[in-house]
Amino acid sequence: MSERRVLITGGTGLLGKSLLETAPAGIRFFATHHRLEPPECWRNRFRQLDIRQSARVDSLFSEIKPEVVIHTASIGGVDEAEQDPESVHAVNVGGTQAILRACQGAGATFIFISSNAVFDGTHPPYREDSPLQAVNRYGQIKIEAERLVRLSGVPYLIVRPILMYGWPGKGGRENVVTRWLKSLERREPVEVAEDIVSMPLWVGDCARTIWGGLLERRMGVVHVAGRDRVNLVLFAQEVCRVFGHDEHLIAPVSSQRWVHLAPRPRDTSFETTRMRQVFGVEPVGIREGLTLMRESRASVEVGPAAISGQDL
Ligand SMILES: NC(=O)c1ccc[n+]([C@@H]2O[C@H](COP(=O)([O-])OP(=O)(O)OC[C@H]3O[C@@H](n4cnc5c(N)ncnc54)[C@H](OP(=O)(O)O)[C@@H]3O)[C@@H](O)[C@H]2O)c1
């Protein structure tokens, strides 16, 4: 059987990198980067692309001829979306539209990475068909992009991950765990919101769900979350235990502490029956996920944060 040709946008991102590292047999992948340099080992599989440039998107599709596109490229800064919604909209909606149009032309399937931010956090747990209602611009922009995907006529899978953690590539965007670790390593206190609940997701489990969905040709929407439902203080304390830092450095505070930032939903916990029973993925809990992260540290280069922000 011939290999399936898969294009991964955002191959230099946290999720994109994990997808490259876990690509299964039978897949011939290509990936895009934007500002960052691609990893040396996959350089010949990478193409530079700004997804806002639709002519470039079209010529890339002519070259690669993808059968499936996994669209992870986006601007992920929740506060950035609040401060500069037009720029974030241009990438997260405009860029998504350019890729979707190219998929229409190529007859390709589209796997769109959305977010838990499409929910307002007042009525957990959220199912795939729960009503969409965001509390910030970032979530509203994701809802708009999801709507485009649904109306496009392109066969699609919408994947909604929740708070993801893992090692970013060199220069890549930090996540909540890497940000906490930077302070903990300097023995500096870390303020963590005690009133935000999540189901932290080891990025490898998100990649596994996506590859499984692609191979089994799953369509529709799937929620992807880690096994444990915890408040962020418990999560931060577990980070201390697994990485050998002093738990007393974690300072619980109310999320009101960050009123100047974009509002965050309080609890967008997911119902994950579809992920577990249909996609067959049993996600790891926080201790196991953080241990996997600690053990994989030696094999990654962690660069300085390119984009920072506060994960409440
Ligand atoms: N991380 C989370 O906790 C989380 C939670 C829920 C949902 N999600 C969603 O999951 C997806 C992946 O997130 P992530 O954390 O892996 O993202 P990330 O680490 O911030 O990576 C973003 C990727 O998008 C690329 N990119 C940015 N602007 C671009 C442009 N104009 N044209 C082309 N590429 C561009 C970046 O390329 P360069 O780096 O080369 O510039 C990078 O490869 C996103 O849709 C995000 O909304 C993430």
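The values are calculated or read from the model by the stated rules, or taken from the named source; none is laboratory data. Please read these numbers as outputs of a predicted model, since none were measured by experiment. Please note: Cβ atoms are built from the backbone with ideal geometry, for glycine as well, and neighbour counts cover all protein chains shown.
Some points to look at:
- Verdict on VAL197 being touching a strand residue (DSSP E or B) at 6+ places or on another chain (Cβ under 9 Å), surrounded by 23 or more Cβ atoms within 10 Å (Cβ to Cβ) and aliphatic (A, V, I, L, M): no
- Within the range 1-36, the set of residues being within 12 Å of the ligand (Cβ to nearest atom) and either assigned to a helix (DSSP H, G or I) or without any contact (Cβ under 8 Å) to a residue 12 or more places away in the chain (or both) comprises LEU14, LEU15, GLY16, LYS17, SER18, LEU19, LEU20.
- Look at the range 230-246: where a residue is under 21 Å from SER296 (Cβ atoms) and modelled with pLDDT of 95 or more and a partner is among the acidic types (Asp, Glu) and part of a loop (DSSP other than H, G, I, E, B), sitting 6+ places away or on another chain with Cβ atoms under 8 Å, you get CYS240/ASP246.
- Members of the range 44-61 that are more than 9 Å from the ligand (Cβ to nearest atom) and farther than 23 Å from GLY204 by Cβ: ASN44, ARG47, SER54, ALA55, ARG56, VAL57, ASP58, SER59, LEU60, PHE61
- From GLU146, GLU174, residue being without any contact (Cβ under 8 Å) to a residue 40 or more places away in the chain and out of contact with any Gly (no Cβ under 7 Å at 6 or more places or on another chain): GLU146
- Exactly one residue out of TRP202, TRP258, TRP211 is crowded, with 22+ Cβ neighbours inside 10 Å and hydrophobic (A, V, I, L, M, F, W, C): that is TRP202.
- Qualifying residue in the range 103-115 (condition: more than 14 Å from TYR156 (Cα to Cα), of a type in the set (Gly, Ala, Ser) and free of Cβ contacts under 8 Å to residues at least 24 places away in the same chain): no
- Residues satisfying the stated conditions in the range 268-285, i.e. in contact with a His (Cβ under 9 Å, 6 or more places away or on another chain) and either assigned to a strand (DSSP E or B) or not β-branched (Val, Ile, Thr) (or both): PHE270, GLU271, ARG274, MET275
- Among the residues of the range 254-272, those that are farther than 15 Å from ILE162 by Cα and in contact (Cβ under 8 Å) with a residue 60 or more places away in the chain comprise SER254, SER255, ARG257, TRP258, LEU261, ALA262, PRO263.
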